[in-house]
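Step one of this worksheet: look at the structure below.
Any read-out appearing in this document is the output of simple, stated calculations on the displayed coordinates, not a laboratory observation. Since we're looking at a predicted model, the values are computed, not measured. Here the Cβ positions follow ideal geometry from the backbone for every residue, glycine too, while neighbour counts run over all protein chains shown.
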2 protein chains.
Amino acid sequence: MSETIYVGVDLGGTAIKVGICDEQGQLLNTYEGPTETEKGTETIIDNIVKYVHLIVEQSTYTWEQVGGVGAGLAGFMDLKEGIILHSPNLPFRNVPIRAILSERLGKPVRVDNDANVAALGEAWSGAGQGVANCVCYTLGTGVGGGIIIDGKIYQGFSGVAGELGHMAVIPDLEAIQCGCGKMGCLETVSSATGIIRMAKDAVQRGDRTSLSTLEHMMAKDVFDAAKAGDEVAARIVNRAAFYLGKAMSAVAMVLNPERFIIGGGVSKAGDILFDEIRNVFYKLTPDSLQKGIEIVPATLGNDAGMIGAAGLFRS
Amino acid sequence: MSETIYVGVDLGGTAIKVGICDEQGQLLNTYEGPTETEKGTETIIDNIVKYVHLIVEQSTYTWEQVGGVGAGLAGFMDLKEGIILHSPNLPFRNVPIRAILSERLGKPVRVDNDANVAALGEAWSGAGQGVANCVCYTLGTGVGGGIIIDGKIYQGFSGVAGELGHMAVIPDLEAIQCGCGKMGCLETVSSATGIIRMAKDAVQRGDRTSLSTLEHMMAKDVFDAAKAGDEVAARIVNRAAFYLGKAMSAVAMVLNPERFIIGGGVSKAGDILFDEIRNVFYKLTPDSLQKGIEIVPATLGNDAGMIGAAGLFRS
């Protein structure tokens, strides 16, 4: 067996997931261990190195077959230098993660942010398989974006392309401030956080709705209520879908991708969300720009991060 | 002299402009002759062939040195097959222009639409020289767009990427219908046509303005009035600039280009337009996405089409 394999690392604040991928993007083995964020940068790096060795040892592959190790994480990065500038869920500050891991592992290392890596995973062996140009949205706490052109992550001039959650698509009269400091970002409405905020607002102002549990409300509760016929919940879901569809229409006019892939927790709502996204997208997009374009759910779930991280070595 | 040269053809409804470019995108010789649109497709093609031979004969180069002939024109094209589907200012309908010209000239031929070709010209040897990723707007009768990634035109999945004039950036309450059939496209406000429309509306509703000549008003008249202190004209200019800056902000979040280049007749308004575009862009765009990004006027003027057409052979 002289086949080359790649190890993908999904570095989260709680857990580190490592997976082995073959050259077709198939996930062969996985391992998950604690990040131990509270113990600081060195322990986290020790853990990554430990888990990468462990997954290879547990597999039928040899260390020599490892062609490279890719890692994805939430954070702002200097992608050219492979440095994590800062991260929302990890204690890294100006850590040259690529150089450190490469030296510790004795293998080529590539890093990118979690949204880009998830997009690459889906493009490689998920919902975008066989598609050269696709755009991915990850609807979670925020709205992440990733752009794949010719099968690779498109990073732009300074490595910040695909910030799709921060397009200002909400009209001024309805806009609220986003965590980024700007007004009216897509993320304020189409993320789980946005959906929960809208639901809490509705409950607080006394809208006639079955929604009520203010403390532990989840986006799923809002979708479930909408499916059960709650009109207030349905209106919230439609609003999240409307602005996503509107933002996608703008993206289509720029990039003319073949496929939009929508993942993340919120995307699990299914048809109730996707039907409205498609309605809006097709309504707002000129015919020539919507021809042949598909809008599909992500298929890899939480594995997209590991697969995409390994996919940083995709040729 | 064994240097390779390229011939660029700018095929307009009135005139055909042909130019010889060297491998650095410098325009060496040019020739312009009538299109004779009224005589139909065959005459137009005969004219292109005639002018291409003529410009080479008049130059110090030999026919053997011609590495290829590129052509740009207004119209909808099947870029993969090199077919013009239809054009607003030429009688072509489903004409396989690439194959026809290639056979007639005995040279490789490449074609693309005028906005893409102008963008490539600017990127090659105009305002985008040395920049890998840039986005160009051409503000004329409409608003054209062209995206250059890694020095090449980015065409997207079905060849219609960069339709930047049809982003829906005008709020619903102010939106009017665009020629494309959709509401609120950038082109309805930031084109010469849009500026003239807003000025005529202002005159007709009796706004206090120095603008008055309803019949032959030009966008330049509005800019001149604004520069002379006319507040109504200034408001129109600001509105055109505002929505362009807003659209560019959305594009920056997708593409993170290094430079925006703005050309076309309207761009000649100068600082009065550019200052406001920059104000709006920097206000609406998160810091990380505006860092290092420049917004500059196009520099090649009407030569951008010829140079970019030759640039279709840029390696």
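Results, tabulated for the structure shown:
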item	result
Other copies of residue B:43: label-to-label distances in nm, shortest first, labels 7 Å along the beta-carbon direction	8.4
Two-decimal Rg/Rh across the protein assembly as shown, once Rg and the Kirkwood Rh are taken from alpha-carbon atoms	1.01
Relative frequency of Cα-Cα separations exceeding 22 Å in region B:1-121, percent	27 percent
Shortest-first distances to equivalent copies, position residue A:88, nm, label 7 Å out along Cβ	4.2
Highest-MSF residue in chain A out of A:267, A:212, A:87 [GNM, Cα springs under 10 Å]	A:212
Qualifying aspartates and glutamates (Cα of each under 13 Å from Cα of residue B:107; at least 8 residues distant if same chain)	B:64
Neighbouring partner chain Cβ atoms per residue of A:257-266, average, 10 Å criterion	1
Segment residue A:28-residue A:175, length gained on full extension (0.36 nm per residue, minus Cα span)	48.4 nm
Three-way shape label, region B:130-298, alpha-carbon gyration tensor, a/c 1.5	prolate
Per-bin percent of Cα-Cα distances, chain B [10 Å]	6, 27, 32, 23, 11, 2, 0
10 Å Cβ neighbours from other chains, averaged over peptide B:166-174	4
Cβ-based exposure ranking for A:10, A:172, B:201, in which fewest neighbours within 10 Å come first	A:172, B:201, A:10
Within region A:1-130, percent of DSSP bridges classed antiparallel, to nearest 5	60 percent
Selection from A:70, A:141, B:148 lying farthest towards where the dipole of the protein assembly as shown points positive, charges on Cβ	A:141
Neighbour-count ranking [beta-carbon atoms within 10 angstrom, fewest first] of B:243, B:31	B:31, B:243
Region A:189-239: C-alpha gyration tensor shape, a/c 1.5 cut-off, then a/b vs b/c	rounded
Share, in percent, of DSSP beta bridges within the protein assembly as shown that are antiparallel, nearest 5	55 percent
Estimated dipole of the protein assembly as shown in Debye, rounded to 20 [Cβ of Lys and Arg +1, of Asp and Glu -1, Cα centre]	720 debye
Neighbour-count ranking [beta-carbon atoms within 10 angstrom, fewest first] of A:205, A:259, A:278, A:93	A:205, A:93, A:278, A:259
At 7 Å out from Cα toward Cβ: residue B:175 inter-copy label distances (nm, ascending)	1.7
Whole-Å semi-axes of the ellipsoid equivalent to region A:64-145 (Cα gyration tensor, √5λ, descending)	23, 19, 9
Hits among lysines - C-alpha to C-alpha of residue B:283 under 18 Å, sequence gap 8 or more where chains match	A:182, B:246, B:291
³J(HN,Hα), Karplus 6.51/-1.76/1.60, whole Hz, each residue of region A:89-95, x for Gly, Pro	10, 9, x, 5, 9, 6, 9
Value of [θ]222 nm, deg cm²/dmol, for chain B, DSSP H segments ≥ 4, -39500 (n - 2.57) each, nearest 500	-11500 deg cm²/dmol
Cα-based reach from residue A:220 at 18 Å (exclusive), listing aspartates and glutamates while leaving out same-chain residues under 8 positions away	A:187, A:201, A:230, A:231, A:271, A:275, A:276
DSSP bridge orientation in region A:130-298 - percent antiparallel, rounded to nearest 5	55 percent
Shielding by partners, peptide B:290-303 (average Cβ within 10 angstrom, other chains)	1
Region A:236-315-region B:104-120 distance, computed between alpha-carbon centres (Å)	33 Å
Selected from B:84, B:263, B:194, residue furthest toward positive end of dipole (chain B; charges at beta carbon)	B:194
Burial ranking of peptide ranges B:295-306, A:114-125 (average Cβ count within 10 Å, highest at the top)	A:114-125, B:295-306
Only Lys, Arg (+1) and Asp, Glu (-1) charged, at Cβ; region B:119-207 dipole about Cα centre in debye	140 debye
Choice from B:229, B:126, B:70 with maximal GNM fluctuation in chain B (Cα, 10 Å cutoff)	B:229
Normalised contact order of chain B, rounded percent, pairs of Cα under 8 Å and 6 or more residues apart	21 percent
In Hz, Karplus ³J(HN,Hα) per residue of region A:224-235 (6.51, -1.76, 1.60; θ = phi - 60°; x = Gly, Pro)	4, 5, 4, 5, 7, x, 6, 6, 5, 5, 4, 5
Within chain A: Cβ-based charge dipole about Cα centre, in debye rounded to nearest 20 (Lys, Arg +1; Asp, Glu -1)	520 debye
Inter-centroid distance (Cα atoms) of region A:17-86 relative to region A:201-222, Å	39 Å
